[in-house]
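The values are calculated or read from the model by the stated rules, or taken from the named source; none is laboratory data. Values in this document were obtained by computation on a predicted structure and should not be read as measured data. Reconstructed Cβ throughout: ideal geometry from the backbone, glycine too, with neighbour counts over all protein chains shown. Side chains are part of the model used for accessible areas, which takes the heavy atoms of the whole protein and leaves out ligands, DNA and RNA. Shrake-Rupley method; radii C 1.70, N 1.55, O 1.52, S 1.80 Å.
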Amino acid sequence: MQFASQILSNVEIARDYWRIRLTAPREFAAATPGQFVMVRIGGGLDPLLRRPLAVFDLGTDETGGVAQVWFEMLYKVVGKGTAMLSTMRAGSAVDILGPLGTGFDMGGDDEEKLLVGGGIGLAPLYLLATELVRRKSPVHLFAGGRTRDDLLCLTDFERLSVKCHCATEDGSYGAKGFVTVALNRHLDALAGKATLYACGPDGMLHALAKIAAERKLPCQVSLEGYMACGVGACLGCVATGKNHSPQTPDYRCVCTEGPVFEASELQWGA
Ligand code: FES
């Protein structure tokens, strides 16, 4: 659905990372973890395209007997559109298309849920963690980034009683290095079953797909591909499927078939 939304708050939570809360119609409350919205920033033609942003959190406030659905997103200021969004204040209107896409599969309740992300990739994992905790699954978060600034909203995850394992490449928070080291150590000691859920930079997803394949674990990845339309019309967002070859093209439309895919369904290159 497309709707005019009002900004409730828009706050910088770490250097260049922002958290924005917006109003939504009642039907938006049915959004599921891993889904995203397309945000149109500014009323003119520039910036022309909408920006895809994952739904980070979702809720309903009751004021004076009136229920108001809200949702939150995280974004990083990386260009003109997101810079413009960061200047918008509570009360401003934003045009939203969503919720869109196919989100995470919750899987069985008899297994550990290992969430892996960094930077803006932590955004879809929070709503996922909320739902998994509600289902009483054991949830661990493996958060990695270049610096402490890339580890967003850890206190929100901790408030859900999610066990957080952190790593930064510069050693400014948690273990020094890649978060996959802590993940591998955890998997070595794992007695039962587990499913991996991941969102983050390509290099991190590639490494996780490899770990999952070697250990024969299910692994759902949320791709943050470039999207222009968000509704399957432009094919500007395709990912390469596992059966792809020059003779038999196998492309997956990230915005409609994804953004969440089973890692083994995709081709990860050499
Ligand atoms: Fe246009 Fe996916 S963004 S088809």
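For the range 240-260, the criterion of being under 26 Å from Arg146 (Cα atoms), open to solvent by 10 Å² or more (accessible area, probe 1.4 Å) and at pLDDT below 95 is satisfied by no residue at all. Return a yes/no flag: does the range 101-117 have any residue that is surrounded by fewer than 18 Cβ atoms within 10 Å (Cβ to Cβ) and of a type in the set (Gly, Ala, Ser). Yes. Looking at Thr240, is it within 16 Å of the ligand (Cβ to nearest atom) and not in a loop (DSSP other than H, G, I, E, B)? In short, yes. Can you tell me which residue is farthest from the chain's Cα centre (by Cα) among those in the range 177-228 that are among the hydrophobic types (A, V, I, L, M, F, W, C) and in a strand (DSSP E or B)? Among residues in the range 177-228 that are among the hydrophobic types (A, V, I, L, M, F, W, C) and in a strand (DSSP E or B), the one farthest from the chain's Cα centre (by Cα) is Ala194.
Evaluated against (1) out of contact with any Asp or Glu (no Cβ under 7 Å at 6 or more places or on another chain); (2) open to solvent by less than 40 Å² (accessible area, probe 1.4 Å), Glu214 falls short on exactly one condition, (2).
Among residues of the range 212-237 that are closer than 9 Å to Cys255 by Cβ and more than 6 Å from the ligand (Cβ to nearest atom), those with a Cβ under 9 angstrom from a residue that is of a type in the set (Gly, Ala, Ser) and open to solvent by 30 Å² or more (accessible area, probe 1.4 Å), sequence gap 6+ or separate chain, pair up as Gly225/Gly236.
If you check Ala175, Ala233 for being small (Gly, Ala, Ser) and surrounded by 15 or more Cβ atoms within 10 Å (Cβ to Cβ), only one passes: Ala175. Quick check: is even one residue across the range 258-267 free of Cβ contacts under 8 Å to residues at least 24 places away in the same chain and either more than 16 Å from the ligand (Cβ to nearest atom) or of a type in the set (Asp, Glu) (or both)? Checking the range 258-267: not a single residue is free of Cβ contacts under 8 Å to residues at least 24 places away in the same chain and either more than 16 Å from the ligand (Cβ to nearest atom) or of a type in the set (Asp, Glu) (or both).
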